[in-house]
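Below: the structure, in structure tokens.
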Amino acid sequence: RDSFVYRLLNKALRTRDIDIIFKFRFFIADLYRQLQKEYSKFMERFTDGEYFLTLYRGQHLKADELHELKDNIGGLISMNTFMSTTCEKGVALIHTGDGSLSPILESILFEIQVNTSIDTKPYANIKEFSVMKHEDEVLFSIGTIFRIKSVEKVSGTGIWSVKLLLNSERDEQLKVLSKQIREETAGFTNLHTLGHLLREMGEYAKAQRYLTRLINATLPNDPAMGPLYNNIGLIYSDQGEYYQALKYYAHSLEILLKILGPSHPSVARVYNNIALVYNAQGEYSQALKYYEQTLEIQLNTLRPNHPSVATTYNNIAGVYNDQGKYSQALKYYEQALEILLKALGPNHPTVATTYSNIGLVYYDQGEYSQALK
């Protein structure tokens with residue numbers, strides 16, 4: 001039903017309005033749980049092995065959104081809202097339009113192939129709950145992953161056909177992406193994760209608001225306070241407010257040293273962030289001091305060829321290069337390169353960046369033949 005709740009929540013999910021989404025979090029969670037129950041019932045229809053469904057969705061997309069789909073054929077797409085589809089192609093075509101709004105809005109007919117035997121986020125036929133039962137609606141959960149199979153203009157029409165394949169949660173590419181996200185948000189509470197993601201999106205004011213809210217709800221001696229202060233420091237640093245960044249890093253460091261001791265990797269992360277601030281301010285001796293403290297902890301807690309060690313070598317080299325101390329810069333860039341080649345292989349983008357940095361050092365010294373090499 002086209003109610004105000006439907007319109008408000010759907011818009012918030014599509015536009016990533018975090019404040020509205022946060023206010024509706026209990027409603028979203030309840031809807032997800034209900035969909036899980038219906039998913040279990042729905043799957044009981046398909047107990048005799050593999051069974052394939054073809055579902056449809058008609059909608060308008062902005063031209064740039066269509067181009068993104070075309071540029072990522074074979075790739076994965078995650079839906080940022082609960083996605084309504086239908087078993088009836090004719091119903092979907094009603095919502096597709098005829099292409100008359102092009103090039104501002106393009107008419108899209110999604111054709112979705114579903115293998116009911118694979119592990120995936122919940123989906124179900126919700127016809128019995130729908131006001132418009134003739135639509136024979138199948139609802140997919142927020143965050144469902146699809147693989148883009150093809151994007152083609154339907155001959156003689158103004159409609160684009162986009163074919164999607166429901167993706168398994170066990171897909172290897174998806175596992176790699178999921179692992180990376182888990183590692184980046186490891187140890188964070190839900191609200192902490194939200195603040196971290198908002199910062200990554202450049203939503204600094206919102207990120208700070210949610211992290212401050214979490215600080216106010218956390219006991220002063222709670223170990224979580226260290227990472228919280230560190231992340232607020234990152235928000236200030238990203239915006240060039242270095243004095244404030246150093247202030248919060250100092251709070252973080254005080255807590256982490258007291259709770260975890262001077263040799264913990266979390267302490268190294270804060271030292272690294274402090275070094276980045278000093279380097280940005282041109283205070284190179286201070287930057288080197290904190291990078292060296294970072295490196296000392298890493299060498300004692302990580303394997304020698306860990307990429308994080310190479311990152312610190314790269315950072316130290318960058319400071320020496322900014323000072324015009326080219327021989328020292330080359331020494332650390334070479335150490336970084338040696339580790340990266342072992343850890344990541346010769347074709348990794350970070351290896352290419354390090355080669356580029358070495359080339360720039362030679363260029364700055366006027367050794368152009370070496371730079372080109």
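Consider segment 117-150 and keep the residues that are farther than 14 Å from Ser78 by Cα and either modelled with pLDDT under 85 or not assigned by TED's automatic domain parsing to the domain that holds Arg57 (or both). The one that is surrounded by the most Cβ atoms within 10 Å (Cβ to Cβ) is Glu135. In segment 86-113, the qualifying residues are those that are assigned to a strand (DSSP E or B) and of a type outside the set (Ser, Thr, Tyr), and the one that is surrounded by the fewest Cβ atoms within 10 Å (Cβ to Cβ) is Gln113.
Scan segment 198-223 for residues that are over 19 Å from Ser252 (Cβ atoms), assigned to a helix (DSSP H, G or I) and in contact with a helix residue (DSSP H, G or I) (Cβ under 8 Å, 6 or more places away or on another chain) and the total you get is 1.
Go through segment 57-85 and report how many residues are of a type outside the set (A, V, I, L, M), more than 13 Å from Trp160 (Cα to Cα) and outside any helix (DSSP H, G or I). It would help to see each step written out before you state the result.
Looking only at segment 57-85, we keep the residues that are of a type outside the set (A, V, I, L, M), and these are 57-60, 62, 64-65, 67-68, 70-72, 74-75, 78, 80-82, 84-85.
So of that shortlist, the ones also more than 13 Å from Trp160 (Cα to Cα) come out as 64, 68, 71-72, 74-75, 78, 80-82, 84-85.
Those left that are additionally outside any helix (DSSP H, G or I): 72, 74-75, 78, 80-82, 84-85.
Of the residues in segment 57-85, 9 are of a type outside the set (A, V, I, L, M), more than 13 Å from Trp160 (Cα to Cα) and outside any helix (DSSP H, G or I).
Here is the figure for segment 114-126: residues that are under 16 Å from Glu88 (Cβ atoms) and either part of a strand (DSSP E or B) or over 34 Å from the mean Cα position of the chain (by Cα) (or both) total 2. Ile148 - would you say it is of a type in the set (A, V, I, L, M), under 27 Å from the mean Cα position of the chain (by Cα) and assigned to a strand (DSSP E or B)? Criteria met by Ile148. Return the pair list, or none, for Cβ contacts closer than 7 Å from residues in segment 194-215 that are buried (at least 21 other Cβ atoms within 10 Å of the Cβ) to residues that are among the basic types (Lys, Arg), at least 6 apart or on different chains. Partner pairs satisfying both residue conditions: Leu198/Lys206; Ala207/Arg199. Before we move on, is Glu334 of a type outside the set (A, V, I, L, M, F, W, C), exposed (fewer than 15 other Cβ atoms within 10 Å of the Cβ), free of Cβ contacts under 8 Å to residues at least 40 places away in the same chain and in a helix (DSSP H, G or I)? Taking the combined requirement at face value, the residue satisfies it.
Would you confirm whether or not segment 293-308 contains a residue that is in contact (Cβ under 8 Å) with a residue 40 or more places away in the chain and assigned by TED's automatic domain parsing to the domain that holds Ile235? The answer is yes, given that some residue of segment 293-308 is in contact (Cβ under 8 Å) with a residue 40 or more places away in the chain and assigned by TED's automatic domain parsing to the domain that holds Ile235.
The values are calculated or read from the model by the stated rules, or taken from the named source; none is laboratory data. Only a predicted model underlies this, so the values are computations on that prediction, with no experimental measurement involved. All Cβ positions, even for glycine, are placed from backbone atoms using ideal geometry, and neighbour counts span all protein chains on display.
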